[in-house]
Amino acid sequence: MKEQATQLLAHFPDIFVVMGVLLGGLALGLVVKTILFALLRAYDRRENSALARSVCENLSAASAFFFPVLALSLLLPLLPLPPKPFEVVRRIIEFALILSFAWGLIKTLDVLQDLIRWHYQLETGDNLRARKLFTQLQFIKKVAVGLIGFVAVGLVLMSFETVRRLGTGLLTSAGIASVIVGFAAQRSISNLLAGFQIAFTQPIRIDDVLVVEGEWGRVEEITFTYVVLNIWDERRLVLPLNYFIEKPFQNWTRTTARLTGAVYLHADYTVPVEALRTELRRILTEHPLWDQRVCVLQVTDSKELTVELRALVSAANASALWDLRCAVREQLVAYLQTHYPGSLPRTRAVLQEVGPTQHGFAVEAVK
């Protein structure tokens, strides 16, 4: 016991040095991180820099781990440890450095995405170019995140001799394994290939307006295996990527967001068509959603009791067109009710005298 206590006391100075180096490295890294991000925030306040603001928002947490671990790795030779404990500490710091660096790379992709989103605004009216770019960017980002995570975990695992031997053995049987995996993951691989095809040929894009399975909605998300459609009533329709390669669907924003829509009315044969045309023009001229492209009113059908009127109107996008059509329909009906109530749909009957009876004259109705 005396000898063990003596050895422990003899190692006290070394323990204090080790703790000092470790704590000093952590403190140094945190100080560097704090100063660097304080300078970035000050620069953002002065210059309103989107890059500095995005770096502060996305990389702050990852940097709080990376800089202290980097400082520890630089101060590692100063640790007065025996070979085996030193190797354990070195391995732990090396693993932490790899993982924190990978985390930083992944968050850097978020910074790049923010810069592109800031430069190409999806909220603008004519956002076709931005939607093309964001569709490709989203898929490329997911692939890059997967590759970074795979490489980081691989570097950590391959640092162990046992895992390296296992990896060498797996490489010798890669041919058989690839065939087995290919059969087992056939559907997943086909979806992945469909994802590449959709990302670069772009039959659909982020924020596209689609009509799929009788549902109207916007493309909210495109993943490796499925597409999320945000339906107009806030439901979500999830479809596999293969659906958009193999089946037909409507894309209302394929080349432009502008659309033309129809408003149908049924009226009596006495309806004043020219007066309705003038009223349609007045309604559209005063309405902010009309894009001044299409304003047409025609008689498109004549039935036994009514005629069918079709008003064509245009708007900048699908949502604006829907609201514009509803407004035009309401105001045209109100116009007929107020100025030409006799032109509303009605059924006519002609009373015809057929001859005298005991109680007077009889009549019959002839439609």
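Details
- Qualifying position, being in a helix (DSSP H, G or I), within 30 Å of residue 202 (Cα to Cα), within 30 Å of the chain's Cα centre (by Cα) and at pLDDT below 80, among 143, 151: 143
- Among (1) open to solvent by 80 Å² or more (accessible area, probe 1.4 Å); (2) in contact (Cβ under 8 Å) with a residue 12 or more places away in the chain; (3) of a type outside the set (D, E, K, R), the one test that residue 338 misses: (2)
- Lone qualifier among 329, 293 - being over 14 Å from residue 263 (Cα atoms) and either open to solvent by 50 Å² or more (accessible area, probe 1.4 Å) or of a type in the set (A, V, I, L, M) (or both): 293
- Yes/no for residue 315 being more than 29 Å from residue 133 (Cβ to Cβ) and among the aliphatic types (A, V, I, L, M): no
- Residues that are open to solvent by 70 Å² or more (accessible area, probe 1.4 Å) and over 25 Å from residue 117 (Cβ atoms), drawn from the range 225-242: 235
- All of 283, 222, 245 fail the test of being modelled with pLDDT under 90, open to solvent by less than 50 Å² (accessible area, probe 1.4 Å) and among the hydrophobic types (A, V, I, L, M, F, W, C), apart from 222.
- Scanning the range 34-92 for residues that are open to solvent by 80 Å² or more (accessible area, probe 1.4 Å), farther than 21 Å from residue 103 by Cα and charged (D, E, K, R) yields a count of 5.
- Test: residue in the range 101-112 that is on the phi < 0 side of the Ramachandran plot, modelled with pLDDT under 80 and assigned to a helix (DSSP H, G or I): no
The values are calculated or read from the model by the stated rules, or taken from the named source; none is laboratory data. Here the structure is a predicted model, which is why all the values come from computation and not from measurement. Cβ coordinates were reconstructed from backbone atoms using ideal geometry, including for glycine residues, and neighbour counts include every protein chain displayed. The accessibility values were calculated without ligands, DNA or RNA, using every heavy atom of the protein model including side chains. Shrake-Rupley method; radii C 1.70, N 1.55, O 1.52, S 1.80 Å.
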